[in-house]
Amino acid sequence: MVSVHVSSLLSGTVASAQAASELAGGTVDVMDSQLIGMGLGFIALEGARLARAGGDRRSVLERMKAVREGISLFFLVDTLEYLRRGGRIGNAQALVGSILKVKPILAVRGGRIELAEKVVSRKRALARLLGLVEGARRNHPQAEFHLAVHEGGAPAEGKEMLDRLTESLQPVEAYCSPLGSALGVHAGPGLVGCVFYFEEEGRVLPAQIT
């Protein structure tokens with residue numbers, strides 16, 4: 001059995017799961033997704049698909065790790081203040097965003113939330129988020145494209161983002177879902193995010209985050 005959880009650098013869930021596995025005699029492989037939201041969702045889906053197809057424990061775990069290494073996750077928020085309060089980013093990053101009145105685009109890299117870009121207006125930030133995904137797709141035009149869009153208190157913008165990306169980039173699977181409250185409380189209202197990865201001939205390609 002394999003369990004996958006939100007990044008250990010953002011939550012204590014992995015440590016709790018590891019302790020529980022030890023109590024159960026180590027019968028559960030605990031995976032740190034190093035991601036949030038549909039980042040770990042895609043990992044779990046791929047593991048379940050392979051297990052349903054008859055994959056053994058080792059092959060399922062290897063497939064889940066491969067998907068983890070291939071996922072890119074970008075999101076924008078209206079303010080960095082909620083992330084600062086929750087200790088997910090530093091005071092200096094939040095201060096810069098506040099002073100410049102920017103709409104930050106963030107990425108999850110190595111299990112941490114990092115400031116990727118600073119955009120002056122929300123309209124431009126949404127366009128830039130769209131452009132980041134489209135740019136990644138141009139690098140792999142023939143690959144199978146897996147996509148999820150998250151929204152936190154921005155359902156219309158989330159749906160528009162999904163519709164535009166689905167129409168233009170033709171993903172093999174696409175989801176749009178509200179961000180869960182456990183994560184949404186740290187981001188604040190107005191979040192829109194994109195989670196995606198590419199696959200060619202059964203091999204997950206390296207993540208597009210640089």
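The values are calculated or read from the model by the stated rules, or taken from the named source; none is laboratory data. Keep in mind it's a predicted model, so treat the numbers as computed, not measured. All Cβ positions, even for glycine, are placed from backbone atoms using ideal geometry, and neighbour counts span all protein chains on display.
Close contacts from segment 120-136, counting a first residue that is closer than 19 Å to residue 108 by Cβ and a second that is modelled with pLDDT under 95 and among the acidic types (Asp, Glu), with Cβ to Cβ under 9 Å and a gap of 6+ residues or different chains, come to 125/117; 128/117; 132/117. Note on segment 1-42: among residues that are among the polar types (S, T, N, Q) and closer than 21 Å to residue 146 by Cα, the one that is surrounded by the most Cβ atoms within 10 Å (Cβ to Cβ) is 33.
With the checklist (1) crowded, with 17+ Cβ neighbours inside 10 Å; (2) modelled with pLDDT under 95; (3) touching a Lys or Arg at 6+ places or on another chain (Cβ under 9 Å); (4) more than 20 Å from residue 149 (Cβ to Cβ) in hand, flag the one item residue 103 doesn't pass. Residue 103 satisfies every listed condition except (4).
State yes or no: is residue 94 in the same structural domain as residue 137 (by TED's automatic domain parsing), surrounded by 15 or more Cβ atoms within 10 Å (Cβ to Cβ) and either modelled with pLDDT of 90 or more or not polar (S, T, N, Q) (or both)? Yes; evaluated as a whole, the condition is true for this residue.
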